[in-house]
Structure formats: C-alpha cells, structure tokens
Amino acid sequence: MNVAVVDNTMGNRYEARVDGVLAGVSEYELTTDTIIFLHTVVAEEYEGRGVGTAIARDALDDARARGLYVRALCPFIRGWMERHPEYSDLIRPAG
C-alpha cells in the first residue's frame with residue numbers, strides 16, 4: 001500500500017492519501033518557530049495499515065527540514081515521538 005502525505009497549508013493539516021483517497025489527517029497550528037500538532041485521525045478502514053506512521057514520519061521530517069520545533073498536544077504524535085527517540089531533537093529544550 002502506497003501512502004502519500006502532503007502538507008495542506010491552507011487547511012493547516014497534513015493529509016495522507018491511499019490511491020487518491022483521503023485516509024488520515026493531522027491538524028496543526030504554526031508559529032514562527034514551532035509546529036503544534038493538535039489532532040490526528042485515520043479512517044477506520046485504514047487503521048493499523050501504517051497511515052498514522054506515514055503521517056507522523058513525513059510531518060516530523062518536514063518540521064526538521066523547515067527548522068521548526070515540535071509541540072505534540074496530539075496524543076498520537078506525542079506517543080509516536082516517544083517510541084522514536086531519533087525525533088527528540090525537535091522538542092524545544094526547557095528553560
């Protein structure tokens with residue numbers, strides 16, 4: 001299954017499509033230096049098939065490429081980052 005993830009900047013969300021069909025989204029707010037992930041949803045028929053992982057990985061890779069910090073209010077993105085410590089550098093240091 002091929003999952004294509006794009007940043008819909010007008011909608012403030014990353015969208016995952018499978019064969020052109022919207023399969024999941026991750027909504028965000030953007031500040032000057034931080035992307036704040038608010039909520040991620042995957043359509044029931046695509047759950048457990050890697051759509052959420054594709055959204056998380058592509059969105060976080062995009063944040064890194066853009067030099068943004070990440071604030072994960074979304075439980076899915078937060079949990080995914082906890083399981084993938086290679087993305088911990090995106091979290092703004094305290095202080």
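The values are calculated or read from the model by the stated rules, or taken from the named source; none is laboratory data. Fair warning: this is a prediction, and the values are worked out from it, not measured in the lab. Methodologically, a virtual Cβ is constructed for each residue, glycine included, from the backbone with ideal geometry; neighbour enumeration extends over all protein chains shown. Accessible surface areas use protein heavy atoms only, side chains included; no ligands, DNA or RNA. Shrake-Rupley method; radii C 1.70, N 1.55, O 1.52, S 1.80 Å.
In region 2-14, what residues are within 14 Å of Ile55 (Cα to Cα) and in a loop (DSSP other than H, G, I, E, B)?
Taking region 2-14 first, the residues within 14 Å of Ile55 (Cα to Cα) are 2-8, 12-14.
Matches in region 2-14: Asn2, Asn12.
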Legend entry - Candidates Arg17, Arg49 - the one that is outside any loop (DSSP other than H, G, I, E, B), open to solvent by 70 Å² or more (accessible area, probe 1.4 Å) and under 26 Å from Met1 (Cα atoms): Arg17
Legend entry - Test: Glu86 is open to solvent by 90 Å² or more (accessible area, probe 1.4 Å) and closer than 21 Å to Met1 by Cα: no
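Only one residue in Thr31, Thr40 is in contact with a strand residue (DSSP E or B) (Cβ under 8 Å, 6 or more places away or on another chain) and among the polar types (S, T, N, Q). Which one?
Numbers: Thr31 fails: in contact with a strand residue (DSSP E or B) (Cβ under 8 Å, 6 or more places away or on another chain).
Thr40 is the lone residue from the list that is in contact with a strand residue (DSSP E or B) (Cβ under 8 Å, 6 or more places away or on another chain) and among the polar types (S, T, N, Q).
Let's see how each residue does on (1) assigned to a helix (DSSP H, G or I); (2) at pLDDT 95 or above:
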{"position": "Leu22", "(1), (2)": "no, yes"}
{"position": "Glu45", "(1), (2)": "yes, yes"}
{"position": "Ala54", "(1), (2)": "yes, yes"}
{"position": "Arg57", "(1), (2)": "yes, yes"}
{"position": "Gly67", "(1), (2)": "no, yes"}
{"position": "Ile77", "(1), (2)": "yes, yes"}
{"position": "Glu82", "(1), (2)": "yes, yes"}
{"position": "Tyr87", "(1), (2)": "yes, yes"}
{"position": "Gly95", "(1), (2)": "no, no"}
Inset, instruction - Look at region 74-83 and say how many of its residues are open to solvent by 40 Å² or more (accessible area, probe 1.4 Å) and either closer than 14 Å to Ala59 by Cα or of a type in the set (Gly, Ala, Ser) (or both). - result: 2
Legend entry - Hey, Val41 within 13 Å of Val3 (Cβ to Cβ), out of contact with any Lys or Arg (no Cβ under 7 Å at 6 or more places or on another chain) and either in contact (Cβ under 8 Å) with a residue 60 or more places away in the chain or not polar (S, T, N, Q) (or both) or not: no
